[in-house]
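*Asks:* Questions regarding the structure given below will be posed in turn.
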């Protein structure tokens, strides 16, 4: 009996050590997670142009209540610059090609996402499940991971400092965020209006950008 109890205690300690190691291995977001291909949210339009080069085309639109200039590139990446500030405020990427930090890519498992970025509660936005992470000391800069509703694997990724909803937009306006221009949202229905006339017609357009 004493021998069995000793084995039970050893097994318990082993499980506790394993669980502690798993918890300690849980990740967290870093500044790099709020950048895309060398350009950070908040960088100037000139930095974007220097690092990303010439776009296929651009269009000035109202995107989530903010007037932006959206640049679309050959690899189907998009970067939006707030018209009022000239600062980069939004990135969308083609997840069939894009790889983020620590080899996070389309199809990454829930376990791997939590290991890299840490745990957070899923949020339901426009019929989709998202894990949303905020940059420390920059509460409106967000890493948005669209995940599968069943097993939580990664479907899409977006990096943005645009307001997600009217409530966040009101907070940002109260804080005096310079990207918000009075009247920008008058003709906005919450969706990005992107000119796709020059693109192949079999590509569906989503809120996040080009169809994946």
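The values are calculated or read from the model by the stated rules, or taken from the named source; none is laboratory data. If you're wondering where the values come from, they're calculated on a predicted model, not measured in any experiment. Note that each Cβ is placed from the backbone with ideal geometry, even for glycine, and that neighbours are counted across all protein chains shown.
*Asks:* Within region 106-128, does at least one residue satisfy the condition of being loosely packed, with under 13 Cβ neighbours inside 10 Å, at pLDDT 95 or above, assigned to a loop (DSSP other than H, G, I, E, B) and in contact with a helix residue (DSSP H, G or I) (Cβ under 8 Å, 6 or more places away or on another chain)?
*Replies:* no
*Asks:* Taking the condition of being part of a loop (DSSP other than H, G, I, E, B), surrounded by 15 or more Cβ atoms within 10 Å (Cβ to Cβ) and either in contact with a helix residue (DSSP H, G or I) (Cβ under 7 Å, 6 or more places away or on another chain) or touching a residue at least 60 places away in the same chain (Cβ under 8 Å) (or both), how many residues in region 25-72 meet it?
*Replies:* Applying the first criterion (part of a loop (DSSP other than H, G, I, E, B)) to region 25-72 yields 26-30, 37-38, 41-43, 53-56, 64-65.
Those left that are additionally surrounded by 15 or more Cβ atoms within 10 Å (Cβ to Cβ): 27, 29, 41-43, 55, 64-65.
Now narrow it down to the ones that are either in contact with a helix residue (DSSP H, G or I) (Cβ under 7 Å, 6 or more places away or on another chain) or touching a residue at least 60 places away in the same chain (Cβ under 8 Å) (or both): 27, 29, 41-42, 64-65.
Number satisfying all stated conditions: 6.
*Asks:* So how many residues does region 73-82 have that are touching a strand residue (DSSP E or B) at 6+ places or on another chain (Cβ under 9 Å) and surrounded by fewer than 19 Cβ atoms within 10 Å (Cβ to Cβ)?
*Replies:* Initially, region 73-82 is screened for residues touching a strand residue (DSSP E or B) at 6+ places or on another chain (Cβ under 9 Å), giving 73, 76-82.
Remaining after also requiring surrounded by fewer than 19 Cβ atoms within 10 Å (Cβ to Cβ): 73.
Residues in region 73-82 being touching a strand residue (DSSP E or B) at 6+ places or on another chain (Cβ under 9 Å) and surrounded by fewer than 19 Cβ atoms within 10 Å (Cβ to Cβ): 1 in total.
*Asks:* In region 180-188, is there at least one residue being over 20 Å from residue 42 (Cα atoms) and at pLDDT 95 or above? Reasoning before the result, please.
*Replies:* Initially, region 180-188 is screened for residues over 20 Å from residue 42 (Cα atoms), giving 182-183, 185-188.
Keeping just the survivors that are at pLDDT 95 or above gives none.
There is no residue in region 180-188 that is over 20 Å from residue 42 (Cα atoms) and at pLDDT 95 or above.
*Asks:* Still on this structure: Restricting attention to region 129-170, and to residues there that are in contact with a helix residue (DSSP H, G or I) (Cβ under 6 Å, 6 or more places away or on another chain) and assigned to a loop (DSSP other than H, G, I, E, B), which single residue is surrounded by the most Cβ atoms within 10 Å (Cβ to Cβ)?
*Replies:* So, considering only residues that are in contact with a helix residue (DSSP H, G or I) (Cβ under 6 Å, 6 or more places away or on another chain) and assigned to a loop (DSSP other than H, G, I, E, B), the one surrounded by the most Cβ atoms within 10 Å (Cβ to Cβ) is 163.
*Asks:* Examine region 77-91 for a residue that is within 17 Å of residue 140 (Cβ to Cβ), without any contact (Cβ under 8 Å) to a residue 60 or more places away in the chain, within 20 Å of the chain's Cα centre (by Cα) and assigned to a loop (DSSP other than H, G, I, E, B), and state whether such a residue exists.
*Replies:* No, there is no match, as no residue in region 77-91 is within 17 Å of residue 140 (Cβ to Cβ), without any contact (Cβ under 8 Å) to a residue 60 or more places away in the chain, within 20 Å of the chain's Cα centre (by Cα) and assigned to a loop (DSSP other than H, G, I, E, B).
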